[in-house]
Amino acid sequence: DTEVTQTPKHLVMGMTNKKSLKCEQHMGHRAMYWYKQKAKKPPELMFVYSYEKLSINESVPSRFSPECPNSSLLNLHLHALQPEDSALYLCASSQDQTLGNTIYFGEGSWLTVV
Amino acid sequence: DQQVKQNSPSLSVQEGRISILNCDYTNSMFDYFLWYKKYPAEGPTFLISISSIKDKNEDGRFTVFLNKSAKHLSLHIVPSQPGDSAVYFCAAITSGSRLTFGEGTQLTVNP
């Protein structure tokens with residue numbers, strides 16, 4: 001089982017809304033990631049959690065707030081987003097951050113900010 | 001600064017022939033390289049990887065070649081099948097598991 005599950009698959013939110021994206025994996029992976037992908041562009045790293053602690057924040061605006069409640073779950077809390085934040089948000093996981101571990105991606109959550 | 005480059009945005013091949021997807025990188029600190037395949041509306045699916053200490057890795061129809069001196073890697077798919085039609089991303093990793101992706105190449109395999 002190499003499954004990373006993301007919910008919801010599609011989300012439309014207003015600029016004043018608060019919503020969350022959720023990610024779950026049951027592979028025993030201890031590194032989890034959020035990536036953002038705009039149309040016709042490659043995925044860009046946002047955050048990395050290692051053993052439930054935030055290890056990398058790629059200078060992401062504070063309107064995106066990650067949370068790792070336990071080793072299987074990763075959330076991305078969204079508040080006061082802008083229309084340009086509309087994108088595909090990809091969650092990923094790997095055994096840990098050791099080089100050579102495969103990073104597995106979920107199917108993504110399509111976010112539209114109106 | 002695009003550290004991983006896929007200069008061909010698209011590639012079209014006939015079913016049964018070889019598909020060769022190319023990738024160049026500029027950062028000599030990259031230690032590990034991966035190829036991902038992506039269908040529309042889905043997340044990237046891992047295909048094959050190669051460590052910087054190797055020059056070739058093969059898995060079924062997929063072979064990745066790494067030329068460190070040229071900072072170039074390529075993915076060979078043979079024989080190509082219509083189901084291989086997708087966007088292929090080359091990605092590179094340094095320590096800390098930062099994946100840097102190329103811009104992707106749209107492969108179309110014609111029946």
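The values are calculated or read from the model by the stated rules, or taken from the named source; none is laboratory data. As the structure is a computational prediction, the values presented were derived from the model and not from experiment. Virtual Cβ from ideal backbone geometry, glycine too; neighbours counted across all protein chains shown.
Scanning the range B:51-62 for residues that are within 11 Å of chain A (Cβ to nearest Cβ) and aromatic (Phe, Trp, Tyr) turns up nothing. Would you point out the residue of the range B:15-43, among those that are over 22 Å from B:SER80 (Cα atoms) and surrounded by fewer than 18 Cβ atoms within 10 Å (Cβ to Cβ), that is modelled with the highest pLDDT? Going through the qualifying residues, I end up with B:THR26. Tell me, yes or no, whether the range B:52-60 has at least one residue that is closer than 18 Å to B:GLU103 by Cα, part of a loop (DSSP other than H, G, I, E, B) and among the basic types (Lys, Arg). Checked the range B:52-60: no residue is closer than 18 Å to B:GLU103 by Cα, part of a loop (DSSP other than H, G, I, E, B) and among the basic types (Lys, Arg).
In this structure, does A:LEU99 turn out to be facing chain B (nearest Cβ under 8 Å) and assigned to a loop (DSSP other than H, G, I, E, B)? Taking the combined requirement at face value, the residue satisfies it. For B:SER8, the stated conditions hold: it is touching a Ser or Thr at 6+ places or on another chain (Cβ under 8 Å) and either of a type in the set (Gly, Ala, Ser) or not in a strand (DSSP E or B) (or both). So for the range B:44-61 (the condition being crowded, with 16+ Cβ neighbours inside 10 Å, of a type in the set (Gly, Ala, Ser) and in contact with an Asp or Glu (Cβ under 6 Å, 6 or more places away or on another chain)), does at least one residue qualify? Yes, the range B:44-61 contains at least one residue that is crowded, with 16+ Cβ neighbours inside 10 Å, of a type in the set (Gly, Ala, Ser) and in contact with an Asp or Glu (Cβ under 6 Å, 6 or more places away or on another chain). Could you tell me whether any residue of the range A:66-76 is assigned to a strand (DSSP E or B), away from every other protein chain (no Cβ under 13 Å) and more than 11 Å from the chain's Cα centre (by Cα)? Yes, the range A:66-76 contains at least one residue that is assigned to a strand (DSSP E or B), away from every other protein chain (no Cβ under 13 Å) and more than 11 Å from the chain's Cα centre (by Cα). For the range B:79-92, the count of residues that are aliphatic (A, V, I, L, M), more than 14 Å from chain A (Cβ to nearest Cβ), buried (at least 20 other Cβ atoms within 10 Å of the Cβ) and not in a loop (DSSP other than H, G, I, E, B) is zero.
Of B:TYR36, B:TYR25, all but one fail to be within 15 Å of the chain's Cα centre (by Cα), among the aromatic types (Phe, Trp, Tyr) and away from chain A (no Cβ under 12 Å); the exception is B:TYR25. May I ask you to verify whether B:THR100 is assigned to a strand (DSSP E or B), among the β-branched types (Val, Ile, Thr) and farther than 24 Å from A:GLN95 by Cα? Taking the combined requirement at face value, the residue does not satisfy it. Among the criteria (1) in contact (Cβ under 8 Å) with a residue 60 or more places away in the chain; (2) in contact with a Phe, Trp or Tyr (Cβ under 6 Å, 6 or more places away or on another chain); (3) crowded, with 18+ Cβ neighbours inside 10 Å, the one A:PRO42 does not fulfil is (1).
Within the range B:69-77, is there a residue that is of a type in the set (A, V, I, L, M, F, W, C), in contact with a helix residue (DSSP H, G or I) (Cβ under 9 Å, 6 or more places away or on another chain) and surrounded by 13 or more Cβ atoms within 10 Å (Cβ to Cβ)?
Yes, some residue in the range B:69-77 is of a type in the set (A, V, I, L, M, F, W, C), in contact with a helix residue (DSSP H, G or I) (Cβ under 9 Å, 6 or more places away or on another chain) and surrounded by 13 or more Cβ atoms within 10 Å (Cβ to Cβ).
The set of residues in the range A:1-31 being touching a Lys or Arg at 6+ places or on another chain (Cβ under 8 Å) and within 11 Å of chain B (Cβ to nearest Cβ) consists of A:GLN6 alone. Going by the structure shown, is B:ASP84 acidic (Asp, Glu), more than 16 Å from B:LEU11 (Cβ to Cβ) and touching a residue at least 12 places away in the same chain (Cβ under 8 Å)? So B:ASP84 does not fit the description; no.
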